[in-house]
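Please read the structure below before turning to the comments.
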Amino acid sequence: MSQQTLTENNSVIPQRASTPSTDFERDNFDTWVMNTYGRFPLAIEKGLGCRLTDTQGREYLDFVAGIATCTLGHAHPALIETVTQQMKKLHHVSNLYYIPEQGQLAQWIVENSCADKVFFCNSGAEANEAAIKLARKYGHKVLEIEEPVILTANSSFHGRTLATITATGQPKYQKDFDPLVPGFEYVPYNDIQALKAAIADIDEGNRRVAAILIEPLQGEGGVRPGNLEYFARMREICDETGILLIFDEVQVGMGRTGKLWGYENLGVEPDVFTSAKGLAGGIPIGAMACKKFCDMLSPGTHASTFGGNPLATAAALTVARTIENEGILNNVIERGEQLRTKLREIAAKYPDLFVEVRGWGLINGMEIKEECQLTSIDIVKAAIDLGLLIAPAGPKVLRFVPPLIVSDFEIDLGMELLCEAIEAAIA
Ligand SMILES: *Cc1c(COP(=O)(O)O)cnc(C)c1O
């Protein structure tokens, strides 16, 4: 793909070298910043829509969106206006006082979901922490369980705090951080018999299942959509037993799947759900929304200094209004279908390489065959060299999560770049 095409809609046409530079002050950065990330060797300086420019002036088409976060892309005029105006007016006062924007955002979430009330924090892990605390208190107070257990799924991802790595059903995130938080057990995803068996097994004396915490579609675990039958039966079991059903909507919520909330794809409603990533379009925010027992966490029992501040909640309100007023969900559905069709064509072209393509709306994955030598990182790196940003979801799955405003031209362009990247990776 020539640089000409990539910049077709933009005025600046930078020169692209064959590989991204690694000299952008990287040594300096690594001297001062703790080495907790395996970073790709580029530094991004600015963005517009679905395009990013690095410090060397090279352009990229962004199918990562800050990990499914920049809902409206980069430098969206409405978000710039809101954040600028709110910053001039008031950005933070703490929850010692009433915050009108927080109230308005909560009202919008309640009016546009199954929830009755909302609690605000600053990230996905924090939102899940809130849900875990709520679930435990619910277990004690409502189900009268002395040692409440929370069930989560294998290959899940719920965050990086101690409780949320424990909730995360992937040993690689837990390694060396033991002792983990007690009160979690794991079940295979999309397996109703295993879920029933676990609920029956975990019933010894004071110890019983109080809640299930689960993603409607597993994001980090490899873009695996939930099975409708599984979730329908899970809902029935929770209704019969009183087990609290909590959905982690951190990655799939706020329009990512073509519906506002991921659970709408499954035809069931949770009792509690969490949101974060895309909620404020890239301004840090987290939320726990709940339908039942919203007043479980009474004054003084849970809090966040920054949570729901005027800046973050005003930004989220603007993302919400833009999704509503600009037909964004339709774009997600149409662009998602276009993307999956193209990905399936590409997968069919390389039958020795790919297993399948799956996803909802604009969260899609393409799985590489286990026996194939290539990993997702190999293709991600080759794509970066060609000017396309995509993200791995585990060692064998490529993840495509562009901003929800991505155009039909940009999807086609991204898929042309992907083909070139695959050719380069297998060469
Ligand atoms: C990213 C993610 C989290 C963690 O969110 P942070 O904001 O990084 O704490 C939790 N759950 C899911 C499903 C996620 O994708």
Practice item. Averaging sequence separations of C-alpha pairs under 8 Å and six or more residues apart, then dividing by the length of the chain, give the relative contact order as a whole percent. Key: 22 percent
Review point. Using alpha carbons only, how many degrees (0 to 90, rounded to 10) separate the axis of helix 192-201 from the longest principal axis of the chain?
Key: 40 degrees
Revision key, fill the gap. Computed ³J(HN,Hα) along region 331-338: with the Karplus parameters 6.51/-1.76/1.60, θ = phi - 60°, integer Hz and x for glycine or proline, the list is 4, 4, 5, 5, 5, x, 5, 4
Review point. Using a simple spin-label model with points 7 Å from Cα along the Cα→Cβ vector, what separation in nm is obtained for residue 27 and residue 55?
Key: 1.3 nm
Check your understanding: Where is the GNM fluctuation largest for the chain (alpha-carbon springs, 10 angstrom cutoff): 133, 291, 175?
Key -> 175
Practice item. Could you tell me the accessible area of residue 37 in Å² (1.4 Å probe, neighbours in place), rounded to the nearest ten? Key: 150 Å²
Point to revise | Computed E for residue 174/residue 75 - FRET, C-beta separation, R0 25 angstrom, nearest 0.05 | key: 0.05
Point to revise | Length gained when the stretch residue 44-residue 409 is fully extended (0.36 nm per residue, less Cα-Cα span) | key: 129.1 nm
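Run the numbers for residue 233 and residue 324: contour at 0.36 nm per residue of separation, minus the present Cα-Cα distance, in nm.
On the way: separation 91, 0.36 × 91 = 32.76 nm, distance 3.18 nm.
My answer for the length gained is 29.6 nm.
Using r as the Cβ-Cβ distance of residue 427 and residue 34, and R0 as 30 Å, what FRET efficiency do you calculate, to the nearest 0.05?
Step by step, r from the Cβ atoms, then E = 0.25.
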Check your understanding: What pairs from 117/137; 89/277; 137/292 go past 20 Å between their alpha carbons?
Key -> 89/277
Check your understanding: Kirkwood Rh, Cα Rg: Rg to Rh for region 320-427?
Key -> 0.99
Review point. Normalised by the number of residues in region 288-426, what is the relative contact order in percent for Cα pairs under 8 Å and 6+ residues apart?
Key: 21 percent
Study note, to complete from the structure: Within the set 231, 157, 293, GNM on the chain using Cα springs under 10 Å gives the largest fluctuation to 293
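Averaged over every viewing direction, what's the projected area of the C-alpha convex hull for the chain? Give it in nm², one decimal, please.
Values: hull surface 85.8 nm².
Computing the convex hull of the Cα atoms and averaging its projections yields 21.5 nm².
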Review point. Of 69, 170, 296, whose Cα points farthest to the positive end of the dipole of the chain (charges on the beta-carbon: +1 Lys, Arg; -1 Asp, Glu; origin at the Cα centre)?
Key: 296
Check your understanding: Given a cut-off of under 8 Å on Cα pairs at least six residues apart, what relative contact order in percent is computed for region 341-387?
Key -> 24 percent
Exercise for review: Arrange the residues 58, 208, 321 by how much accessible surface each exposes, largest first, with a 1.4 angstrom probe.
Suggested key: 321, 208, 58
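Would you calculate a helix-derived [θ] at 222 nm for the chain, using -39,500 (n - 2.57) for each DSSP H run of n ≥ 4 and dividing by the full residue count, to the nearest 500?
On the way: 14 runs with 160 residues, N = 427.
Dividing the helical sum by the residues of the chain leaves -11500 deg cm²/dmol.
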Practice item. Just grab the label-to-label distance for residue 201 and residue 372, each label 7 Å out from Cα along the Cβ direction, in nm (one decimal). Key: 3.4 nm
Practice item. Between the alpha-carbon centers of region 296-321 and region 194-242, tell me the distance in whole angstrom. Key: 28 Å
Revision key, fill the gap. Under a Gaussian network model of the chain whose springs join Cα atoms within less than 10 Å, the largest fluctuation of 409, 400, 119 belongs to 409
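Rolling a 1.4 angstrom probe over the protein heavy atoms, how many square angstrom per residue are accessible across region 246-315? Numbers along the way, then the final one.
On the way: 1950 Å² over 70 residues.
Per-residue value: 28 Å².
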Review point. So, with +1 on the Cβ of K and R and -1 on the Cβ of D and E, and no other charges, what is the size of the charge dipole of the chain about its Cα centre, to the nearest 20 debye?
Key: 600 debye
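Would you kindly state how much longer the chain becomes between residue 111 and residue 89 on full extension, computed as 0.36 nm times their sequence separation minus their alpha carbon distance, in nm to one decimal? Intermediate results must be reported in sequence, preceding the final value.
Details: separation 22, 0.36 × 22 = 7.92 nm, distance 2.67 nm.
Going from the current span to full extension adds 5.2 nm.
The values are calculated or read from the model by the stated rules, or taken from the named source; none is laboratory data. Keep in mind that this is a model prediction, so the values were computed, not measured. Because the Cβ atoms are built from the backbone with ideal geometry, glycine has one as well, and the counts that use them run over all protein chains shown. Ligands, DNA and RNA are excluded from the accessible area calculation, which covers all protein heavy atoms including side chains. Shrake-Rupley method; radii C 1.70, N 1.55, O 1.52, S 1.80 Å.
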